[in-house]
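Asker: Below is one structure. I have some questions about it.
Bear in mind these aren't lab numbers, they're just calculated from the coordinates by the rules spelled out. As the structure is a prediction and not an experimental result, all values here were calculated from the model. Every residue, glycine among them, receives a Cβ derived from its backbone with ideal geometry; neighbour counts consider all protein chains shown.
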2 protein chains.
Amino acid sequence: MTDPLAAGTATAAPLYREVRRLLTASLQAREWEPGAALPSEARLAQRFRVSIGTLRRAVDELVAEQVLVRQQGRGTFVATHGPSRLMFQFFRIVGANGERDLPEPELLAFERGRAEAREAAALRIAPGERVLRIRNLLRLGGEPIVLDDIVLAQRLFPDLAEKAFRERDSTIYGFYQTRYGINVVHASERLRAAAADRASARILKVAPGAPLLEIHRLAMTYHDAPVELRRSRVNTAHHAYSSELGKSPAR
Amino acid sequence: MTDPLAAGTATAAPLYREVRRLLTASLQAREWEPGAALPSEARLAQRFRVSIGTLRRAVDELVAEQVLVRQQGRGTFVATHGPSRLMFQFFRIVGANGERDLPEPELLAFERGRAEAREAAALRIAPGERVLRIRNLLRLGGEPIVLDDIVLAQRLFPDLAEKAFRERDSTIYGFYQTRYGINVVHASERLRAAAADRASARILKVAPGAPLLEIHRLAMTYHDAPVELRRSRVNTAHHAYSSELGKSPAR
DNA sequence: AAGTGGTCTAGACCACCAT
DNA sequence: TGGTGGTCTAGACCACTTA
């Protein structure tokens, strides 16, 4: 194998990282559609001119981040944002006994606006740039539990209209993925307790001033590029946010 | 290599899992002290009669769970519960700008009691069994921010007295590890928003009824055996709980 | 210089899935 | 039966730490 970085610039990155980078680039370029199978590991190893072990190590990392999914005997697939991925990765609200229900969404508002300073900084766009503001209610077991206020850079979602958003046939991240080729791969959240303002209280059917769990989330695609800013307010009277510390996801 | 499970009982577990099990057993038996180096990978591979690749795979998993720590050129070490592990794995409270401070603890109460039904179920002991109840305040930047109520099965911590707990020279989990050989390796948490009761409000210097972030944590050692039950109340006026979704820790 | 973990390879064999 | 991913091996070479 020829050294990919022969010059003496510090220490060369390991080969499997370079292979991972190439795989990610192909995913970004939509060389393989969401849900589709990648070429076999043997073929990919040939293509990148590495051993199968090195190729597998690169795929291992993308599988760990749930960007790819392996199925023994069948192949390796581009992960889709279906209900199961939502529940495993992006929806952490559980019932009193730890049980998880699929949330039922209701679109409350869909508006166009301009980015405020803090929103612009988080989304890495210019202050005042056009944004979409979406208000979405999630019900669990019929009860209104989560109120989401979503901000998107309009530039990333050209032509997105309320009708298309409302009539999507999948999760929100699934919609981003299939309609706009934007694959949310991780998110960073900050949680606080806050008193319910009047509007939130009315929608969530709690008393004004009641304690709500407030979550600020920045969802990102490859290379930590920001995609979506979201503020959630959760009625935690009969639900909770679940967090696991120091345990590898699944096994 | 002889098959470790020759009989036809379903599918045999992979060899690296068996090696991992043996390593975990040695750790539980304190064959290597916290902070001490394990034998080299070559020697461990010889000992377990596996190839170095298989041995490394077992160690990989324990490193991913932060039970072991690798240092290139030096060796592989039993992870200790020092300040850095606290901050990376078990303390998720950050400031308004995301900065992390080391909390300064103050012991408020140390009492003996009996396990209530829910506590007993969580700790997997009998209802009414002896427990220790510890109330601990954490300050950040001098301000009281987190109030912890800790419940321990006395059986796991024989002879534990207030003085020893108060005068410990490390984190609480470091104390469990060095004094009792109990290594907390992961924890499961449930977060809610709740109104401050009078006692909490006084200690955290907030108004009674102010919204607090309430965290119920069950800390576990190897094989998910429960160790500690903890309820935290956090003043999130100037701090937040940080959560990363779908990102491998560190890299 | 010696010892450690980190990377990479090449190949064998197994388990599982589709046909 | 053929193709896929999953496991395991044996060995070479590199990077880093310590003395």
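Asker: Please work out the Cα center distance from the range A:178-209 to the range A:41-92, rounded to the nearest Å.
Answerer: 30 Å
Asker: List A:SER200, A:SER242 from most exposed to least, where exposure is judged by having the fewest other Cβ atoms within 10 Å.
Answerer: Listing A:SER200, A:SER242 from fewest to most nearby Cβ atoms yields A:SER242, A:SER200.
Asker: Using a 7 Å offset from Cα along the direction of the beta-carbon, what are the separations from B:ASP224 to the same position in each other copy, nm, ascending?
Answerer: 3.4
Asker: Highest first, please rank the peptides B:158-165, B:141-148, B:225-232 by the mean number of other Cβ atoms sitting within 10 Å of their residues.
Answerer: B:225-232, B:141-148, B:158-165
Asker: Which of rounded, prolate, oblate describes the protein assembly as shown, given a ≥ b ≥ c as roots of the alpha-carbon gyration tensor eigenvalues and a/c under 1.5 marking rounded, otherwise prolate only if a/b is larger than b/c? Walk me through the numbers before you get to the answer.
Answerer: Details: a/c = 1.76, a/b = 1.00, b/c = 1.76.
In terms of gyration-tensor shape, oblate.
Asker: Let me ask something additional. Under a point-charge model restricted to the Cβ atoms of Lys and Arg (+1) and Asp and Glu (-1), what is the dipole moment magnitude of chain A relative to its Cα centre, in debye to the nearest 20?
Answerer: It works out to roughly 160 debye.
Asker: Now a separate question. Quick one: angle between helix B:15-28 and the longest Cα principal axis of chain B, in degrees between 0 and 90, rounded to 10, please.
Answerer: 50 degrees
Asker: OK, next. Across peptide B:193-202, what mean number of C-beta atoms from other chains lies inside 10 Å of a residue's C-beta?
Answerer: 3
Asker: Using a 7 Å offset from Cα along the direction of the beta-carbon, what are the separations from A:ASP101 to the same position in each other copy, nm, ascending?
Answerer: Those label-point separations list as 4.1 nm.
Asker: Please say if the range B:15-78 is rounded, prolate or oblate, where rounded means a/c under 1.5 for a ≥ b ≥ c the square roots of the C-alpha gyration tensor eigenvalues, and otherwise the choice is prolate for a/b larger than b/c and oblate otherwise?
Answerer: rounded
Asker: For chain B, with a Gaussian network of springs between Cα atoms less than 10 Å apart, report the residue from B:ARG43, B:ARG112, B:ARG100 with the top mean-square fluctuation.
Answerer: B:ARG43
Asker: Then there's this: Would you work out which of A:ILE145, A:LEU38, A:ILE52 lies farthest towards the positive end of the dipole of chain A, given +1 charges on the beta-carbon of Lys and Arg and -1 on that of Asp and Glu, about the Cα centre?
Answerer: Toward the positive end, the furthest listed residue is A:ILE52.
Asker: Using Cα-Cα distances under 8 Å and only pairs 6 or more residues apart, what relative contact order does the range B:15-78 have, in percent?
Answerer: Computed over the range B:15-78, the figure is 41 percent.
Asker: How many partner chain Cβ atoms sit within 10 Å of a residue's Cβ in peptide B:209-217, on average, as a whole number? Kindly include the intermediate steps, with their values, before the conclusion.
Answerer: Numbers: counts 4, 4, 11, 3, 9, 5, 4, 1, 2.
So the per-residue partner count for this stretch is 5.
Asker: Once a ≥ b ≥ c are taken as the square roots of the eigenvalues of the Cα gyration tensor of chain A, is the result rounded (a/c under 1.5), prolate (a/b larger than b/c) or oblate (a/b not larger than b/c)?
Answerer: It is prolate, given that a/c is not under 1.5 and a/b is the larger ratio.
Asker: Could you grab the relative contact order for chain A? Cα pairs under 8 Å, six or more apart, rounded to a whole percent.
Answerer: 15 percent
Asker: Can you give the relative contact order of the range A:178-222 as a percent, counting alpha carbon pairs under 8 Å and 6+ residues apart?
Answerer: In percent, rounded to a whole number, it is 51.
Asker: Just to be sure I understand: of the beta bridges DSSP finds with both ends in the range B:83-241, what percent are antiparallel, rounded to 5? The partial results should precede the final answer.
Answerer: Working: 48 of 48 bridges.
Approximately 100 percent, going by the DSSP bridge assignments.
Asker: Let me ask something else about it. Could you pull the Cα extents of the range A:135-251 along its three principal axes, largest to smallest, in whole Å?
Answerer: 40, 40, 24
Asker: Would you mind listing the distances between the A:ASP197 label point and the same position in each other copy? Use 7 Å along Cα-to-C-beta, nm, one decimal, shortest first.
Answerer: Spacings between copies for this position, smallest first, are 3.2 nm.
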